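Student: Supplied in structure tokens, the structure appears directly below.
The values are calculated or read from the model by the stated rules, or taken from the named source; none is laboratory data. Source: prediction; values computed, not measured. Glycine also receives a Cβ, built like all others from the backbone with ideal geometry; neighbour counts cover every protein chain displayed. Just the protein is used for accessible areas: all its heavy atoms, side chains included, with ligands, DNA and RNA removed. Shrake-Rupley method; radii C 1.70, N 1.55, O 1.52, S 1.80 Å.
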Protein chains: 6
Amino acid sequence: MPTVSPPAEPEADPRVKAVFDDIRATRGSDFINNFWLYLAFDADLLVATWAEVKAVMAAPSALDPKVKEMIYAAVSAANGCDYCVHSHLAAARAKGMSQAEQADLFRVMALAGKTNHLANAIRPPVDAAFVQGVETRGERDR
Amino acid sequence: MPTVSPPAEPEADPRVKAVFDDIRATRGSDFINNFWLYLAFDADLLVATWAEVKAVMAAPSALDPKVKEMIYAAVSAANGCDYCVHSHLAAARAKGMSQAEQADLFRVMALAGKTNHLANAIRPPVDAAFVQGVETRGERDR
Amino acid sequence: MPTVSPPAEPEADPRVKAVFDDIRATRGSDFINNFWLYLAFDADLLVATWAEVKAVMAAPSALDPKVKEMIYAAVSAANGCDYCVHSHLAAARAKGMSQAEQADLFRVMALAGKTNHLANAIRPPVDAAFVQGVETRGERDR
Amino acid sequence: MPTVSPPAEPEADPRVKAVFDDIRATRGSDFINNFWLYLAFDADLLVATWAEVKAVMAAPSALDPKVKEMIYAAVSAANGCDYCVHSHLAAARAKGMSQAEQADLFRVMALAGKTNHLANAIRPPVDAAFVQGVETRGERDR
Amino acid sequence: MPTVSPPAEPEADPRVKAVFDDIRATRGSDFINNFWLYLAFDADLLVATWAEVKAVMAAPSALDPKVKEMIYAAVSAANGCDYCVHSHLAAARAKGMSQAEQADLFRVMALAGKTNHLANAIRPPVDAAFVQGVETRGERDR
Amino acid sequence: MPTVSPPAEPEADPRVKAVFDDIRATRGSDFINNFWLYLAFDADLLVATWAEVKAVMAAPSALDPKVKEMIYAAVSAANGCDYCVHSHLAAARAKGMSQAEQADLFRVMALAGKTNHLANAIRPPVDAAFVQGVETRGERDR
């Protein structure tokens, strides 16, 4: 159940239409998924969010697009975001994630969930070796 | 501050010694990081956890070892696990993650954090397109 | 799908009836929402929870009732609580939250989600300026 | 680093003194731990929080006091609350939790962290068998 | 809505069949719940996950099986895992959790949620008394 | 302990200098807090993050600046972000949050943490009244 209503005719608003057109052009598809449709309840929020998603996810960068979608899906599962798990696993599949890679993603994510809970309970001191070469500047908190 | 004490002489226990030896052999290094040292407070927990970490993270699998460490670090940040963020970013760097890749990882993770909160507030219906080809079997909940 | 059954006739129990009557009187409405209906599966839990919600949310306090509902909804989205997001956004709307305020709430919440993930990954030291004037007493942990 | 200052002389405020006296009497100890000392920055918050903690944790109830502290510690680790993990593991130990029980607690909590992430990624439908006997009343959401 | 499809005939794969047979034998029931059915999308993941769940939850250990299921359910609620809350509350009931114990579980879990948020906002220093007797070894982070 | 090093001379990079100058001008202060100093490890991330924080938090909008900082701090506590809790409580205080308002913020946030856990365990159906007037468009997930 959504908490906001999408506009009755979203593309009547030229700012919404511009974003939707850009989504279609970027993806080479007519499909506008519900996240964008509902986000159009506030044109500013839509414009700013799409600009960032396009810059981070659609522009070439150091990481492979498929890997970026897999990281996105893993964080979304950790945060319990149903919609995001669906949309980013679908995007990862569309960008070539194999079933074996998906199983591996789930395995790593599940193991992280496990040792995150363990380390948050045990709270071992961070090893000096992990921060070798990391400089600390600015006022320290302690 | 840890919540448990590591054994005074962990390798006096042959099960702990076997795990520590295997950690050293697997990594080609003498370094035993604190997570394992403290986990040795219970030999069973140590043995089972290392077996799983070795199987998932050290064995060849569909995903690149560096990518697996980056996914691990991203989930750990989402879960607020200080120790795990440190250890898995260090591992990713050791496996070749460049500074540009780390910045990209942070960018994707941060964007996921953002849209996870948005989608959890807006709750748009999951698009049929995302679940095309996904079969549902077994008793349904509704 | 709920995990507990509400009582068949909740108001047959005088303690439940007293809470439901007080909910109706406090809100000036006959509507008892499902959170309270299901919580009535255990009268003690219902009595104690309503007493606290009434004291914190319905009594006059330093913050505006609308603002309190918006904070409540933001925390609920961060915690992935579907029911709570719905109920507290509805309450904020009932207390006058405009659509522009709701969009602003979503914007702030989403940005917090983003920089929370970033700061949990980067872990910058807390600036001395932030804790100026904050006194530390009692035994210190380190 | 705390975000608030405890009162310079907390027990100069009779409401704070009454709570601190009751904490001492309830526990049979002179020790006031920092959570209460800092919470005294706002006497209302202190009074209400202690009343609830005393009612839930110190009064006899269906569950064993030691088990209640273990559940509390597990939830605290899931929520990444450093202070709470420490205080409730210490309380569980004080109420008789053995080292073997603590290891078991960690094992269950870690496994839950793992399968929570898996199920949040896979999202299997809830089995009808799990909700057999659970009645649904009130207006349904769909 | 699941994100993966279970195999059309899961038990055609002998590794899946072996796990399902062991689940049935361990539980003394023909019922295979959806978590396992869907996890069978990847036989390795199924085999490894069941081995761990069986070892932790079905083997005798320091904690009572009912208590272990209650801890599991509490962590699952903290992590917002709908499926897991259902399956582990059902398991706890099957192992004898009374309605009064369930209400007590909810009370403790809810109180933990409350004070976790409070302590994460106030950030009181961890008391020396909580870590008395806990030894710190290995390289310290500060 | 940070996971990245800030640049040795951050303002030698003109893009970093431009952001730091804008932070100083926007706030009317010479103080650059550590989040920005460390984020300068990647100039792109710094530029994009500051642009968004400035747009959302420093520009006039439907909500009061103080209220926005309080919402930010509440979400940060829910997400266990130590740095963010400190920085946004400090910002809220700088924008006029009184001690009584801070106590009220903590009270609401803590209550939300409590009922979020309760509702995530009980999972009551969302009331029809909460979604009255909310339109659903696009392909439905069920």
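Student: Express the relative contact order of chain A as a whole percentage, based on alpha carbon pairs under 8 Å and six or more residues apart in sequence.
Tutor: 15 percent.
Student: Hey, another quick one. Starting from the range E:19-80, pick out the trypsin sites (Lys or Arg not before Pro) whose DSSP state is loop and whose Cβ has at most 10 other Cβ atoms within 10 Å.
Tutor: Sites meeting the loop and neighbour criteria: none at all.
Student: Return the whole-Å distance between the Cα centroid of the range D:117-133 and the Cα centroid of the range C:83-119.
Tutor: First find each Cα centre; the distance between them is then 28 Å.
Student: Here is a further query. What is the range B:1-59's relative contact order, in percent, from Cα pairs under 8 angstrom and six or more apart in sequence?
Tutor: 39
Student: So, one more: Just need the Rg to Rh number for the range B:1-59, please, alpha carbons only, Kirkwood Rh.
Tutor: 0.94
Student: Find how many whole Å separate the alpha carbon centroid of the range F:41-55 from the alpha carbon centroid of the range D:1-75.
Tutor: 42
Student: Quick one: Karplus J couplings for the range A:120-127, per residue in order, coefficients 6.51, -1.76, 1.60, θ = phi - 60°, nearest Hz, x for Gly and Pro?
Tutor: Each residue's phi maps through the Karplus curve to give 5, 8, 7, 6, x, x, 5, 5 Hz.
Student: Among C:Leu39, C:Ile23, C:Gln102, flag the residue with its Cα farthest along the positive direction of the charge dipole of chain C, charges on Cβ as +1 for Lys/Arg and -1 for Asp/Glu.
Tutor: C:Gln102
Student: Still on this model: Any idea what the A:Arg137 label distances to the other copies are, label 7 Å down the Cα→Cβ vector, nm, shortest first?
Tutor: Spacings between copies for this position, smallest first, are 3.9, 3.9, 5.0, 5.8, 6.5 nm.
Student: Chains A and D: how much accessible area gets covered up at their contact, both sides added, probe 1.4 Å, in Å² to the nearest hundred?
Tutor: When A and D are taken together, about 1900 Å² of accessible area is lost.
Student: Between E:Asp30 and E:Asp13, what is the spin-label point distance in nm, taking each point 7 Å from the Cα along the Cα→C-beta axis?
Tutor: Inter-label distance under the simple model: 2.4 nm.
Student: Using 7 Å Cα-to-Cβ label points, what is the E:Asp21/F:Ala55 separation (nm, one decimal)?
Tutor: Going from the E:Asp21 label point to the F:Ala55 one covers 6.0 nm.
Student: So, with a 1.4 angstrom probe, what is the percent of accessible area on chain F that is carbon and sulfur?
Tutor: 52
Student: Under 8 Å for C-alpha pairs, at least 6 residues apart: give me the relative contact order for the range C:61-124, rounded to a whole percent.
Tutor: 33
Student: Residue by residue, what Karplus-based ³J(HN,Hα) values in Hz, rounded to whole numbers, does the range F:102-115 have, using 6.51, -1.76 and 1.60 with θ = phi - 60° and x for Gly and Pro?
Tutor: 5, 4, 5, 4, 5, 4, 5, 4, 5, 5, 4, x, 5, 6
Student: ³J(HN,Hα) across the range E:41-48 via Karplus (A = 6.51, B = -1.76, C = 1.60, θ = phi - 60°), whole Hz, x for Gly/Pro?
Tutor: 4, 9, 4, 4, 4, 4, 4, 5
Student: Could you state the orientation-averaged shadow area of the convex hull built on the Cα atoms of the protein assembly as shown, in nm² to one decimal?
Tutor: If I average the Cα hull's projected area over directions, I get 32.9 nm².
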